[in-house]
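Undergrad: Shown below is the structure under consideration.
Bear in mind that the values in this text are calculations on the coordinates, not laboratory data. Not measured: the values here are computed from a predicted model. Quick reminder, even Gly has a Cβ in these numbers, built from the backbone with ideal geometry, and neighbours come from all protein chains shown.
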Amino acid sequence: MTDHLGPVLGGKPAPPSAETAADRRKRRRARRRPGAPRGSRVTQGRWYTPYLFMLPGLVLFAIIFAWPVVLALQMSVSSYDIISPPTFVGLENFERLLVDPRFHHALTNSLLFLVLYTPLAVVVPLFLALLVNLKVPGIQSFRVAYFLPVVTSMVAVAVAWRFLLNQAGVVNWLLSLVGLGPVDFLLDTSWALPTVVAIEGWKNMGFYMMIYLAALQGIPREHLESATLDGASGLQRLRHIIVPALMPFFAVTLTLGMLEAMKNFETVYIMTRGGPQDATLTLGYYIWHLAFERSQMGYANTVGIFMWVLMIGFALLNLTVTRRKD
Amino acid sequence: MSADTVRRQRPASFWVRRCLLYLLLAVVALGFVGPFVLLLSTAMKPETQSVYGFPPSIVPLPPVFDWFVDAWTLIPFARMLLNSVLYVVITIPLYLLVSAMTAWPLARMRFRGRGVFFILFLSLMFMPAEIMLVPRFLVMSQLDLTDSYTAVILVALLSSLGVFLLRQTFAEMPGEIIEAARIDGANEWGIFWRIALPITKPTMAVLAILGFISVWNSFIWPLVVLTTQDKFPIALGIAYLTGVTGTDMRGLAAGTVMSLVPVIAIFIVLQRRILSSMGGAVKG
């Protein structure tokens, strides 16, 4: 899940020297001629040296990115069942999107997934971060514990949770202690989707927690101390100092959370296979189902392109909303 | 005032608060670690002890290790573990080299189309695996690479995170070192290989660890592109084991635990580095 972090994160770990990375950047920028690109020296090799360096990267880019995108666009206007060659069908696939009830159902489920997942990525991890930001002995081991699910595979997580969520499992036992249940979490159509969202959230919380923790440690301690001396309560410090200082990081977790929520195929595939009765059929799973279970490669790609446009839309929306706040 | 006297002067309420705090931390920790602990205990439960039930039995009495042997023999477990190791060992060095070679000109050279290339590599991140699955599968079948180790490895060799973080690191390098090397007669490749690469060791370590975790856990792409069991990585093997063991939780739990051991071991050994680098990357 760290793969899509690049542009959102700001670079390498803080350098050990007193001069911060930002200072150094500023110094270099001041020395640079206006309009000149970053980096201090002009290449002294031949004109093609930079392209030679990038050659392996560009070849890989072509194979795993550019070519697939071209194929996806081409297939979205074709009918293709893998066995016989693809035939051009124009916008037929896009028309089918409009009237396909399962597609509408998958879209609704994906949006519902997004709505339920976002608080698990943006709000809950903040409280975890506040907790592990406390300066008490042994706090590092709690950070490790909360982060543990992030490094494990989704399959392992699914095995553990399917076991816990069994009718006679631990979760239902806990529910029975307060006089509730039993609930058949993954087989009940109204519970299946929230359950899958909760497990996905549980697995990734530690990751968002670390983003907030880094942000919290960036808040100058004097601010918090002087607020305490002025008699501010914990809640007041949270509201007036911590939350404003974290604003840019909310934008990061929100963007990552929304991307993550749309990319839920793995979880859905492993936990429920879209069931029961399509209760967890999301766009990602529907694409897989169309392509590999029903051999409708063309239409699957059309749904994929719709999903891509949707995700870019969300990303842009996020950018504009957070820009306006600045 | 010595630390000792300070400690003695702390009021009782301080200790009460601290105990409650540890209690809270521990309860939350149980929520994150508990499921794995229960998985481990299930993997060691004897047949006479139920794995379900109210209240659940936590401690296996007596602990047995037969289920680990079962899981090992029910599927080609050793083979799948070896595959995962192979995928990691082949992928990570190549991934680091490709990322660095791509990032180096983007950070330190001037050439036509630099901005465009940078945006191209960044745009990788806006293409989630879900959408790329089908078209990538089609490309691999056109290249006649489906059901091959190569197909699994190729897709893991380039990521926007690698290019982005290394470009950042290269851009922070002091230019004087490069200048000195050039005066000493080093060519462009020599500068990259002998001067630039060693400087990026900390970033490389972060990328290698993150890469290891993601390759070890990779599931979707191998699922789509592989059909032969003997090429499965272990994460996919566990999904396969689910089908083989049926309702037998113990064998499945044992297999799952074994698949987690390497990645959890590495995480615990390197936890400080992993957690601080995650935080550092965000702070920038």
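Undergrad: What are the semi-axes of the equivalent ellipsoid for segment B:13-78, taken as the square roots of 5 times the Cα gyration tensor eigenvalues, largest first, in whole Å?
TA: Equivalent ellipsoid semi-axes, largest first: 35, 15, 9 Å.
Undergrad: Can you put B:PHE212, B:PHE14, A:PHE292 in order, fewest other beta carbons within 10 Å first?
TA: Details: B:PHE212 21, B:PHE14 11, A:PHE292 17.
Exposure proxy ranking, most exposed first: B:PHE14, A:PHE292, B:PHE212.
Undergrad: With angles folded into 0 to 90 degrees, how steeply does helix B:12-43 sit against the dominant principal axis of chain B? Use alpha carbons for both and round to 10.
TA: 90
Undergrad: Name the most mobile residue of B:MET140, B:MET132, B:MET101, meaning the one with the largest mean-square fluctuation, in a Gaussian network model of chain B with Cα contacts below 10 Å.
TA: Maximum among the listed residues: B:MET132.
Undergrad: Taking the beta-carbon count within 10 Å as an exposure proxy, list A:PHE88, B:PHE32 from fewest neighbours to most. Could you put the intermediate results ahead of the total?
TA: Working: A:PHE88 10, B:PHE32 21.
Result, fewest neighbours first: A:PHE88, B:PHE32.
Undergrad: Can you tell me the order of B:106-118, A:147-159, A:128-140, B:174-186 when each peptide is scored by its average per-residue count of other Cβ atoms within 10 angstrom, highest first?
TA: Values: B:106-118: 17.3, A:147-159: 24.0, A:128-140: 15.2, B:174-186: 12.8.
With the highest mean Cβ count within 10 Å placed first, the list reads A:147-159, B:106-118, A:128-140, B:174-186.
Undergrad: A follow-up question, please. Once you put a point 7 Å from the Cα of B:VAL85 and another 7 Å from the Cα of B:ALA26, both along the Cβ direction, what distance in nm separates them?
TA: Taking the simple label geometry, B:VAL85 and B:ALA26 are separated by 3.9 nm.
Undergrad: In sequence order, what are the phi-derived ³J(HN,Hα) couplings for segment A:178-187 according to the Karplus relation 6.51 cos²θ - 1.76 cosθ + 1.60 with θ = phi - 60°, rounded to whole Hz, with x for glycine and proline?
TA: So the J values, rounded to whole Hz, are 9, x, 10, x, x, 10, 9, 3, 8, 10.
Undergrad: Can you give the translational diffusion coefficient of the protein assembly as shown in µm²/s, computed by Stokes-Einstein from the Kirkwood radius over Cα pairs at 20 °C and 1.002 mPa s?
TA: Numbers: Rh = 26.3 Å.
Using the Kirkwood radius from Cα pairs, D works out to 81 µm²/s.
Undergrad: Using only alpha carbon pairs under 8 Å that are at least six residues apart, calculate the relative contact order of chain B and give it in whole percent.
TA: On the way: 242 pairs, mean separation 81.1, N = 284.
Once normalised by length, the contact order is 29 percent.
Undergrad: Let me ask something else. Subtracting the Cα-Cα distance from 0.36 nm times the residue separation, let me have the gained length for A:ASP81 to A:ARG46 in nm, one decimal. Can you show the working numbers first?
TA: Numbers: separation 35, 0.36 × 35 = 12.60 nm, distance 4.82 nm.
Contour length minus Cα-Cα distance gives 7.8 nm.
Undergrad: If the viscosity is 1.567 mPa s and the temperature 4 °C, what Stokes-Einstein diffusion coefficient in µm²/s follows for segment A:128-255 when Rh is the Kirkwood radius over Cα pairs? Each step should come with its number before you reach the end.
TA: Values: Rh = 17.4 Å.
My calculation gives 75 µm²/s for D.
Undergrad: Right, here's the next one. Which whole-number percentage describes the relative contact order of segment A:226-286, with Cα contacts under 8 Å and a sequence gap of 6 or more?
TA: Values: 26 pairs, mean separation 13.4, N = 61.
The value is 22 percent.
Undergrad: A further question on this structure: With Rg and the Kirkwood Rh both taken from Cα atoms, where does Rg over Rh land for segment B:37-138?
TA: On the way: Rg = 24.2 Å, Rh = 19.1 Å.
Rg/Rh for segment B:37-138 comes to 1.27.
Undergrad: For q = 0.06, 0.07, 0.13, 0.15 Å⁻¹, what log10 I(q)/I(0) does chain B give under the Debye formula with an equal point scatterer on each alpha carbon and no solvent?
TA: Summing over Cα pairs of chain B leads to -0.31, -0.42, -1.04, -1.19.
Undergrad: Report, as an integer, the average count of C-beta atoms from other chains found within 10 Å of each Cβ along B:147-160. Don't jump to the answer; show the numbers that get you there.
TA: On the way: counts 0, 0, 0, 0, 1, 0, 0, 4, 5, 3, 6, 9, 5, 5.
Mean shielding count: 3.
Undergrad: Another question, if that's okay. Local charge sum around B:ARG79 (other residues, Cβ-Cβ under 11 Å, Lys/Arg +1, Asp/Glu -1)? Before the final figure, lay out each step's value.
TA: Working: positive: B:LYS231; negative: B:ASP230.
Taking every Cβ under 11 Å from that of B:ARG79, the sum is 0.
Undergrad: Which residue fluctuates most in the GNM of chain B (Cα springs below 10 Å): B:ASN217, B:ASN83, B:ASN187?
TA: The residue with the greatest mean-square fluctuation here is B:ASN187.
Undergrad: What is the sum of charges around A:ILE305, taking Lys and Arg as +1, Asp and Glu as -1, for the other residues whose C-beta is under 15 Å from the C-beta of A:ILE305?
TA: -2
Undergrad: Right, another one. Label 7 Å along Cα→Cβ of A:VAL136; segment B:24-39 residues with amide nitrogen under 13 Å?
TA: Only B:24-29 pass the distance filter.
Undergrad: Right, something else. Taking every alpha carbon pair in segment A:199-326, what does the distance histogram look like in 5 angstrom bins from 0, in percent?
TA: With 5 Å bins starting at 0, P(r) equals 2, 9, 14, 14, 15, 12, 10, 8, 6, 5, 3, 2, 1, 0.
Undergrad: Let me check against my output: what whole-number percent is the relative contact order of segment B:108-207, with C-alpha pairs under 8 Å and at least 6 apart?
TA: Details: 32 pairs, mean separation 29.8, N = 100.
It comes to 30 percent, rounded to a whole number.
Undergrad: Report, by chain and number, residues whose modeled amide H sits under 5 Å from the one on A:SER78, excluding near sequence neighbours (fewer than 5 apart, same chain).
TA: Amide H to amide H, under 5 Å and 5 or more residues apart or across chains, A:SER78 pairs with A:VAL89.
Undergrad: With only Lys, Arg, Asp and Glu charged, each at its Cβ (+1 for the first two, -1 for the last two), find how big the charge dipole of the protein assembly as shown is about the Cα centre; round to the nearest 20 debye.
TA: On the way: 49 positive and 32 negative charges, 618 e Å.
Value, rounded to 20: 2960 debye.
Undergrad: Measure off 7 Å from each Cα along the Cα-to-Cβ vector at B:GLN229 and B:LEU97, then give the distance between these two points in nanometres to one decimal.
TA: About 3.5 nm, to one decimal.
Undergrad: Here's a follow-up. What is the extension gain from B:ILE195 to B:SER50, computed as 0.36 nm multiplied by their sequence separation minus the C-alpha to C-alpha distance, in nm to one decimal? Intermediate results must be reported in sequence, preceding the final value.
TA: Values: separation 145, 0.36 × 145 = 52.20 nm, distance 6.08 nm.
So the chain would gain 46.1 nm between B:ILE195 and B:SER50.
Undergrad: Another question about this same structure. Quick query: amide H of B:GLN49 versus all other amide H atoms, modeled in the peptide plane; which residues come in under 5 Å with a sequence gap of 5 or more or a different chain?
TA: Under 5 Å from the amide H of B:GLN49: no residue qualifies.
Undergrad: Are there trypsin sites (Lys or Arg not before Pro) in segment A:182-283 that DSSP marks as loop and that have at most 16 other Cβ atoms within 10 Å, and which are they?
TA: Values: sites: A:LYS203, A:ARG221, A:ARG237, A:ARG239, A:LYS263, A:ARG273; in loops: A:LYS263, A:ARG273.
Taking segment A:182-283 and a limit of 16 other Cβ atoms within 10 Å, the loop trypsin sites (Lys or Arg not before Pro) found are A:ARG273.
Undergrad: For segment A:41-118 and segment A:223-289, compute the distance between their C-alpha centroids and round to whole Å.
TA: Answer, in whole Å: 26.
Undergrad: Compute the long axis of helix B:129-142 from its Cα atoms, compare it with the longest principal axis of the Cα atoms of chain B, and write down the angle in degrees, 0 to 90, nearest 10.
TA: 70
Undergrad: Continuing with the same structure: Taking only DSSP H segments of four or more residues, each worth -39500 (n - 2.57), what value at 222 nm results for the protein assembly as shown once the sum is divided by all its residues, to the nearest 500 deg cm²/dmol? Let's see the in-between values first.
TA: On the way: 30 runs with 410 residues, N = 610.
So the calculated ellipticity at 222 nm is -21500 deg cm²/dmol.
Undergrad: Tell me the label-point distance for the pair A:LEU224, A:VAL124, using the 7 Å Cα-to-Cβ offset, in nm and rounded to one decimal.
TA: Taking the simple label geometry, A:LEU224 and A:VAL124 are separated by 2.4 nm.
Undergrad: Tell me, what is a quarter of the convex hull surface for the C-alpha atoms of segment A:225-287, in nm² with one decimal? Spell out each step's value before the answer.
TA: Values: hull surface 25.7 nm².
For segment A:225-287, the mean projected area of the Cα convex hull comes to 6.4 nm².
Undergrad: Could you line up B:SER276, B:SER99 from fewest to most neighbouring Cβ atoms inside 10 Å? Can you show the working numbers first?
TA: Working: B:SER276 17, B:SER99 29.
Fewest to most other Cβ atoms nearby, the residues stand as B:SER276, B:SER99.
Undergrad: How large is ³J(HN,Hα), in whole Hz, for each residue of segment B:203-217 in order, when computed from phi with the Karplus curve 6.51 cos²θ - 1.76 cosθ + 1.60 and θ = phi - 60°, using x for Gly and Pro?
TA: 5, 4, 4, 4, 5, 5, 5, 4, x, 4, 4, 6, 5, 4, 8
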